[in-house]
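Asker: Got a structure for you, written out below as structure tokens; questions coming shortly.
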Amino acid sequence: MAVGTLLVQSDPTLLADIRRYGKFDPTGCYQCGSCTLSCDLVGDTATFPRRSIRYALLGLRQPLLESLDPWVCHDCGDCSAVCPRQSEPRISMQTLRRFLCVEYDWTGIASKLLQSKAWYLGSLFSVALVVLFLIVGYHLWYVRMAAKDFTTTALGLEHMFPLMTYYTLTVILVPLLLLFSRVFRIWRLTMAGGRQPRALLSLYVLEAWVYVYQSVTDSLMRKCPEKGRWLGHWMMATGVVMMLTVKVFALRWFQTDNLYPLYHPQRWLGYLATGLILYGVGDIFIGRWQAQKEIYKESCFQDLIFPILLVLTVLSGLAAHTFRYAGFALTCHFIYALHIIIATPMLLVEMSFGKWSHMVYRPLALYFLAVREKAARHALAAEMVPYAL
């Protein structure tokens, strides 16, 4: 089949590959275009979900891998609401994003986690058990604490701060490095193919602001009909980024035995991040509970686990903080251990291979689309020069 000026071979295995990562059953679609017309985010450079689904049905693997459309989609569900054939394009786009996550991942781990609940839950529990073993081993063998004192004696937290600094940086930076290590692969798949106009380095530099702007504002979601949905997601993402930033750049200031007054920035900064996360996650869960639209009738298993782990991480951290200030040192230690046991698998598994990847891929897709658009304009202008002369 010819697409543009290049021949693209149809791959009969593509549809089966996609279906390994979720529901994808648009076989009843007769290409009426209602889904595309209903979407407020569709533009000249991104026409979805119709185009992406058509690539999948026709087995056009290369054009699908080059496509950035699935990441422009913000999962509002209007396309499914207007579909006359109940083909559920919103769910199909969700599945395509998981498929693309696997294609971007060079480790092969995402493929196992995103197509198997057993692998996904097993990885979370395995990491949690390893962390539990490390905590027990640290107290019994590294600190040489007597076993009989393990559950009855509270040690000052200062003994573990140097080690916890390196531990915290590791469990945050390793997943981030894994996530950003895929950027080159995404660029090669979506921007370096022969079907795309060649973009000069200067265009990437000039349009870099798009990535920063979209990462900070997620402005496209504000175009969705449900305006409150943007606020909840933005507050949750802002709270997470605030907390990660503090843990990476100001951990020694934030994690301390010192008891500060309520007005101290160390306290209200933590409270602010906690409030933003809880509001955002709460808004998401309330919306899913109250809404009657198709969008919330079938959710990806991993999509629900992530906010649950996030809430448990925040609440356990808040509980440890509360008991420490109340003077319950031993209780604080046990809750802090629980906090680490919950947070570590969330970071190592979810940040590297799960829902968190959207926080990087969506603004990256919009950035690349902006570069594509400018490159196409430059190419068109170059073609018109001989005619102008």
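Asker: Identify the residue in the stretch 186-226 that is surrounded by 13 or more Cβ atoms within 10 Å (Cβ to Cβ) and aromatic (Phe, Trp, Tyr) and, among all such residues, is nearest to Pro363 (Cα to Cα).
Answerer: Ranking the candidates gives Tyr211 first.
Asker: Additional query: Could we say that Val183 is within 25 Å of Phe328 (Cβ to Cβ), surrounded by 13 or more Cβ atoms within 10 Å (Cβ to Cβ) and touching a residue at least 12 places away in the same chain (Cβ under 8 Å) here?
Answerer: So Val183 does not fit the description; no.
Asker: Just to be sure before I move on: is Thr151 assigned by TED's automatic domain parsing to the domain that holds Phe328, over 16 Å from Gly354 (Cα atoms) and either at pLDDT below 85 or among the acidic types (Asp, Glu) (or both) in the structure I sent?
Answerer: When the stated conditions are applied, Thr151 passes them.
Asker: Exactly one condition in (1) surrounded by 13 or more Cβ atoms within 10 Å (Cβ to Cβ); (2) outside any helix (DSSP H, G or I); (3) among the aliphatic types (A, V, I, L, M) is not met by Leu262; state its number.
Answerer: It fails just one condition, (1).
Asker: So Ala379 clears everything in (1) modelled with pLDDT under 85; (2) in the same structural domain as Glu207 (by TED's automatic domain parsing) except one condition, right? Which one?
Answerer: Going through the list (1) modelled with pLDDT under 85; (2) in the same structural domain as Glu207 (by TED's automatic domain parsing), Ala379 breaks only (2).
Asker: Which one of these does Met359 not meet: (1) under 21 Å from the mean Cα position of the chain (by Cα); (2) buried (at least 19 other Cβ atoms within 10 Å of the Cβ)?
Answerer: For Met359, the exception is condition (2).
Asker: Please list, ordered by first then second residue, the pairs with beta carbon atoms under 7 Å, 6 or more apart or interchain, first in the stretch 236-263 and over 17 Å from Leu276 (Cβ atoms), second among the polar types (S, T, N, Q).
Answerer: Between residues of the stretch 236-263 that are over 17 Å from Leu276 (Cβ atoms) and residues that are among the polar types (S, T, N, Q), the close pairs are Leu251/Thr165; Leu251/Thr168; Arg252/Thr165; Trp253/Gln266; Tyr260/Gln266.
Asker: Filter the stretch 211-257 for residues that are of a type in the set (Phe, Trp, Tyr) and under 16 Å from the mean Cα position of the chain (by Cα); which is modelled with the highest pLDDT?
Answerer: Among those that are of a type in the set (Phe, Trp, Tyr) and under 16 Å from the mean Cα position of the chain (by Cα), it is Tyr211.
Asker: Next up: If Thr107 satisfies all but one of (1) at pLDDT 85 or above; (2) of a type in the set (S, T, N, Q); (3) surrounded by 18 or more Cβ atoms within 10 Å (Cβ to Cβ); (4) not in a helix (DSSP H, G or I), what's the number of the condition it fails?
Answerer: (3)
Asker: Another question, then. Where residues in the stretch 111-120 are of a type in the set (A, V, I, L, M, F, W, C) and either in contact (Cβ under 8 Å) with a residue 60 or more places away in the chain or surrounded by 18 or more Cβ atoms within 10 Å (Cβ to Cβ) (or both), which of them is farthest from Ile342 (Cα to Cα)?
Answerer: Restricting to residues being of a type in the set (A, V, I, L, M, F, W, C) and either in contact (Cβ under 8 Å) with a residue 60 or more places away in the chain or surrounded by 18 or more Cβ atoms within 10 Å (Cβ to Cβ) (or both), the top hit is Leu114.
Asker: Same structure again: Kindly establish whether Val205 is without any contact (Cβ under 8 Å) to a residue 12 or more places away in the chain and within 18 Å of Phe368 (Cβ to Cβ).
Answerer: yes
Asker: Can you pull out the residues in the stretch 95-110 that are small (Gly, Ala, Ser) and in contact (Cβ under 8 Å) with a residue 12 or more places away in the chain?
Answerer: Listed by number, the list holds a single entry, Ala110.
Asker: Does Leu140 satisfy the criteria of being surrounded by 12 or more Cβ atoms within 10 Å (Cβ to Cβ) and in contact (Cβ under 8 Å) with a residue 40 or more places away in the chain?
Answerer: Here the answer is no, as Leu140 does not meet what is asked.
Asker: All but one of (1) farther than 18 Å from Leu318 by Cβ; (2) at pLDDT 85 or above; (3) touching a helix residue (DSSP H, G or I) at 6+ places or on another chain (Cβ under 6 Å) hold for Tyr260; which doesn't?
Answerer: (1)
Asker: Then there's this: Consider only pairs whose beta carbons are under 7 Å apart and that are at least six residues apart or on different chains; among these, list those whose first residue lies in the stretch 300-326 and is at pLDDT below 90 and whose second residue is among the β-branched types (Val, Ile, Thr).
Answerer: Taking only residues 6 or more apart or on different chains, the pairs are Pro307/Val281; Pro307/Ile284.
The values are calculated or read from the model by the stated rules, or taken from the named source; none is laboratory data. Just so we're clear, the structure is a prediction, and the values are computed from it rather than from any experiment. Cβ atoms come from the backbone with ideal geometry, glycine included; neighbour counts cover every protein chain shown.
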